[in-house]
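What follows is a single structure, written as structure tokens, with notes after it.
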Amino acid sequence: MLISDIPVGGSISIEISIDNVSYEMPSSVVASKNGYILIAPFTSKGAVIDFSSYKDILFNLYTIDPATKNRVVWKNINIETISYKSTSFASAYYKISTNVFASIASECDRRFNQRISTGASGHISSDTTEADIPVTLIDVSDKGLSFSTSNELLYNYNNTYITFSDQANGKQFNFHFKCFIIRSQLYGERYIYGCIIPTPSREYLTYVFLKKIESRISSAKEQSKQTSLKDAADVASQSIESTSSGYHSHISEKNKR
């Protein structure tokens, strides 16, 4: 989700951090343009607060993503005070811009949207381009997935189709469906993209469920293995201590003689 995707009238909150103290102030979008939004300014004693005169202030913007209903955040946004003509009058507004995608806010409870790691290979495509771009899936969940690419995607993120195959519980699954990219980041030499799936099919939900079961079985086996190794180490340690104790006792008896 880009910041310009917030609709006019959409409620937002601006978090202002000064000297490790944060203040959160509500506002709403009055205009949305390509790459930025305008919001009503904050005032003090009838005057607009111009943040450009302040230093060492960090601004974060929060809103609710209408597609996922998650609370999302843009960190370290740019704010400048401008004059903008609305209807028949000109007023001061805050112009807020950023070139990054929203991230899910840390306050958002994601326990019911568990992500399961996978290394499946696939490709993405778009109605606006004929090229298929290879991708590697990172994880999947009931409502979305993430994948990585070697090159940055250049087409419309709201018009993306993903195709991939994977196995779960010994069953082969083949998928091709539309997804919406809502965030991206450069990690090392690869680009990572997070997507939501607007209408997950029953087959996809079955696949995710089976992957969760596999993950739990794998975790249980690993835990059992670690427990067995620990038990073996304890037995070996006790055996060494017992042998060592008997050896020292034998030496002590010889010294007495």
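Which whole-Hz couplings ³J(HN,Hα) result when phi for each residue of the stretch 134-139 is put into the Karplus expression 6.51 cos²θ - 1.76 cosθ + 1.60, θ = phi - 60°, listed in order with x for Gly and Pro?
x, 9, 10, 5, 9, 7
For the stretch 198-214, just list the computed ³J(HN,Hα) in residue order, Karplus coefficients 6.51, -1.76 and 1.60, θ = phi - 60°, integers in Hz, with x standing in for Gly and Pro.
Values, residue by residue: x, 9, x, 7, 4, 5, 5, 5, 5, 4, 4, 4, 5, 5, 5, 4, 4 Hz.
Just how much of residue 178 is accessible, in Å², when a 1.4 Å probe is used and the result is rounded to the nearest 10?
Here the residue's solvent-accessible area equals roughly 70 Å².
For the stretch 123-174 and the stretch 25-84, write down the distance between their C-alpha centroids in whole Å.
Centre-to-centre (Cα) distance: 33 Å.
The values are calculated or read from the model by the stated rules, or taken from the named source; none is laboratory data. Everything numeric in this text was worked out from a predicted model, so none of it was measured. Please note that ligands, DNA and RNA were not included when accessible areas were found on the heavy atoms of the full protein model with its side chains. Shrake-Rupley method; radii C 1.70, N 1.55, O 1.52, S 1.80 Å.
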